[in-house]
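K.L.:
Encoded as C-alpha cells, here's the structure I'll be asking about.
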Amino acid sequence: MTALPRAYLPPGLNVRRDRGGGLFITREAVQSPWFACERAGDVWRLWPTAALVAQYERAEAPDALARTFLRFRGLPIEAESLALFCEGTKLAEAPEKARIAALNKAVRQRAAVCMRLGGGGGLFACAILLNLIGGNRR
C-alpha cells in the first residue's frame, strides 16, 4: 500500500495543510526529492514533485477506476493533475464526504478531457489516492 504524502516529509519537520493550492505550509525551507518548496510570505509552501507522484504510480491498480487510468501512468505530470493530487492529499488528512465526491467527479472529468485531447500525466496517481481515501466508490 502506498503511504500518504506526509510520510515522505523529512523527519521532525513541522507542517500544516496548505489552505491554498499547495500541499503543506512550513516555517522553514525544505530540501527533498519529494517536495518543491517556494516562499509564500513568511512561510514556505510545499508542492509534490514528479518523484512523489511517480511513487504513487508504482502501485498496482487496486480497483476498476485505477485500471482504466493505467493509460496515464508514466506521462509527464500536468499542473491540473497536480492540483487534483494536492486536493486528494488534503482530503486524506481531513475527509469531507462532499469534497471527496467532488474530487472523484473532477478526476473523472479531467480523464475524459485527456482521453479526447491527450495528456493526463498524474491522473493514475490521483486514482490511487482516491482509492486510499475511499473516494472512488460510486
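Values quoted throughout were computed directly from the atomic coordinates according to the rules given, and no laboratory measurement underlies them. Just so we're clear, the structure is a prediction, and the values are computed from it rather than from any experiment. Cβ coordinates were reconstructed from backbone atoms using ideal geometry, including for glycine residues, and neighbour counts include every protein chain displayed.
K.L.:
Evaluate the distance, in nm, between pseudo-label points positioned 7 Å from the Cα of Ala98 and of Glu28 along their respective Cα→Cβ axes.
P.N.:
Going by the 7 Å Cα→Cβ label model, 3.9 nm.
K.L.:
Which option, [x] -0.35, -0.64, -0.71, -0.86; [y] -0.30, -0.60, -0.68, -0.87; [z] -0.35, -0.69, -0.79, -1.00, is the value of log10 I(q)/I(0) by the Debye sum over Cα atoms at q = 0.10, 0.14, 0.15, 0.17 Å⁻¹ that was calculated from these coordinates?
P.N.:
Among [x] -0.35, -0.64, -0.71, -0.86; [y] -0.30, -0.60, -0.68, -0.87; [z] -0.35, -0.69, -0.79, -1.00, the one derived from this structure is [y].
K.L.:
Let me ask something else. Let me check against my output: what whole-number percent is the relative contact order of segment 4-60, with C-alpha pairs under 8 Å and at least 6 apart?
P.N.:
27 percent
K.L.:
By count of other Cβ within 10 Å, fewest leading, how are Val15, Val113, Val53, Val30 ordered?
P.N.:
Ranked by crowding around the Cβ, least crowded first: Val113, Val30, Val15, Val53.
K.L.:
Quote the charge dipole size of the chain about the Cα centre in Debye, to the nearest 20; the model charges only the Cβ of Lys and Arg (+1) and of Asp and Glu (-1).
P.N.:
440 debye
K.L.:
Shifting gears a bit: Taking the Cβ of each residue in Ile77, Ile25 as the centre, tally the other Cβ atoms inside 10 Å and list the residues starting with the fewest.
P.N.:
Ordered by Cβ neighbours within 10 Å, fewest first: Ile25, Ile77.
K.L.:
When the label point is put 7 Å from the Cα of Ala51 along its Cα-to-beta-carbon vector, which residues of segment 18-35 have a backbone N closer than 14 Å?
P.N.:
30-35, by backbone N distance to the label point.
K.L.:
May I pose another question? Rounded to the nearest 500, what is the 222 nm mean residue ellipticity of the chain from helices alone, with -39500 (n - 2.57) per DSSP H run of 4+ residues and division by all residues?
P.N.:
-13500 deg cm²/dmol
K.L.:
Among Leu91, Leu13, Leu130, what is the fewest-to-most ranking by other Cβ atoms within 10 Å?
P.N.:
In increasing order of surrounding Cβ atoms, one gets Leu13, Leu91, Leu130.
K.L.:
Return a whole-number percent for the relative contact order of segment 51-133, with Cα pairs under 8 Å and 6 or more residues apart as the contact set.
P.N.:
Over segment 51-133, the number comes to 51 percent.
K.L.:
Would you be so kind as to identify all helices of the chain, as entire DSSP H runs, whose Cα atoms reach 18 Å or more along the helix's own axis and whose mean Kyte-Doolittle hydropathy is at least -1.0?
P.N.:
Counting only whole DSSP H runs, the qualifying helices are 79-93, 97-117.
K.L.:
Going toward the positive end of the dipole of segment 5-48, with +1 on Lys and Arg Cβ and -1 on Asp and Glu Cβ, which of Trp44, Trp34, Asn14 do you reach last?
P.N.:
Asn14
K.L.:
Let me ask something else. Using Cα centres only, tell me the gap between segment 1-65 and segment 95-135 in whole Å.
P.N.:
Measuring centre to centre over Cα atoms gives 18 Å.
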